[in-house]
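Notes to accompany the following structure.
The values are calculated or read from the model by the stated rules, or taken from the named source; none is laboratory data. A quick note: this is a predicted structure, and the numbers were derived from the prediction, not measured. Cβ: placed from backbone, ideal geometry, glycine included. Neighbour counts: every protein chain shown.
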Amino acid sequence: MKKFIALVTTLKAFAAMLFAGFICLYIAGGVVYATFVDATFEYTISFIHLVQSIGFSVVLSLLWGVCFGHMVIKKWKFISRHLLFDLSLALLLTVCFFFFSVISTGWNTLWLISASVMVVFVIVLSVVSEWYFKKTGEQYTELLKIYQANMNENKKD
């Protein structure tokens, strides 16, 4: 239970950060997007877009936890996890696209662009995180080898 609560807390914090970033991206992107479609952006977000952004952030965070959390998928290599993560994100964007095809509200394209940018950000974040953890692990392994060599020398003396 303790591990589950720790995982939920981490995923909740990650979802909150994603949602905050999504809304900031949506608002900043709205100004730029409005110039391309020759419209005025009123610095607002519709209720359906807000609810979809919350759901999108939560699902994105859950996918991260499932693919990279080592609680659900325990023994997969990073490339397998990343492939599952990428395919899940593609499916998520496709579902959002079809959802917006049925519901025609203004600024759907802006929402989908913002969601796509968030997906690219999370993919890059996963690759950079894996690289960082691998480099850090190599450094600690080298330090451990030096420590063990020093301990062996001290035992001989």
Selection status of V32, surrounded by fewer than 16 Cβ atoms within 10 Å (Cβ to Cβ), within 26 Å of E130 (Cβ to Cβ) and over 13 Å from the mean Cα position of the chain (by Cα): no
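Any residue in the range 25-43 that is of a type in the set (V, I, T), in contact with a helix residue (DSSP H, G or I) (Cβ under 7 Å, 6 or more places away or on another chain) and within 16 Å of V117 (Cα to Cα)? It would help to see each step written out before you state the result.
As a first pass, look at the range 25-43 and keep what is of a type in the set (V, I, T): 27, 31-32, 35, 37, 40.
If we keep only those that are in contact with a helix residue (DSSP H, G or I) (Cβ under 7 Å, 6 or more places away or on another chain) too, we end up with 40.
Narrowing the set further to residues that are within 16 Å of V117 (Cα to Cα) leaves none.
No, the range 25-43 has no match at all.
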Condition set in contact (Cβ under 8 Å) with a residue 40 or more places away in the chain and small (G, A, S), scope the range 37-85, selection nearest to W111 (Cα to Cα): answer is S53
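Quick one: in the range 22-75, which of the residues that are small (G, A, S), touching a Gly at 6+ places or on another chain (Cβ under 9 Å) and in a loop (DSSP other than H, G, I, E, B) is farthest from D86 (Cα to Cα)?
In the first step, residues of the range 22-75 are kept if they are small (G, A, S); the result is 28-30, 34, 39, 46, 53, 55, 57, 61, 65, 69.
Next cut, touching a Gly at 6+ places or on another chain (Cβ under 9 Å) only: 39, 46, 57.
Filter once more, so that each one left must be in a loop (DSSP other than H, G, I, E, B): 39, 46.
Working: A39: 34, S46: 28 Å.
Once the filter is applied, the top-ranked residue is A39.
Looking at the structure I just gave you, is F98 among the aromatic types (F, W, Y), in a helix (DSSP H, G or I), more than 24 Å from L11 (Cβ to Cβ) and out of contact with any Ser or Thr (no Cβ under 9 Å at 6 or more places or on another chain)? Give the derivation first.
Values: among the aromatic types (F, W, Y): yes; in a helix (DSSP H, G or I): yes; more than 24 Å from L11 (Cβ to Cβ): yes; out of contact with any Ser or Thr (no Cβ under 9 Å at 6 or more places or on another chain): yes.
Spelling it out, F98 is indeed among the aromatic types (F, W, Y), in a helix (DSSP H, G or I), more than 24 Å from L11 (Cβ to Cβ) and out of contact with any Ser or Thr (no Cβ under 9 Å at 6 or more places or on another chain).
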Any residue at all in the range 126-142 that's surrounded by 11 or more Cβ atoms within 10 Å (Cβ to Cβ), within 18 Å of F19 (Cα to Cα) and at pLDDT 90 or above? yes
From the options S116, S61, S104, residue that is surrounded by 17 or more Cβ atoms within 10 Å (Cβ to Cβ) and of a type in the set (G, A, S): S61
So, in the range 101-124, how many residues would count as being among the small types (G, A, S), outside any helix (DSSP H, G or I) and without any contact (Cβ under 8 Å) to a residue 60 or more places away in the chain? 1
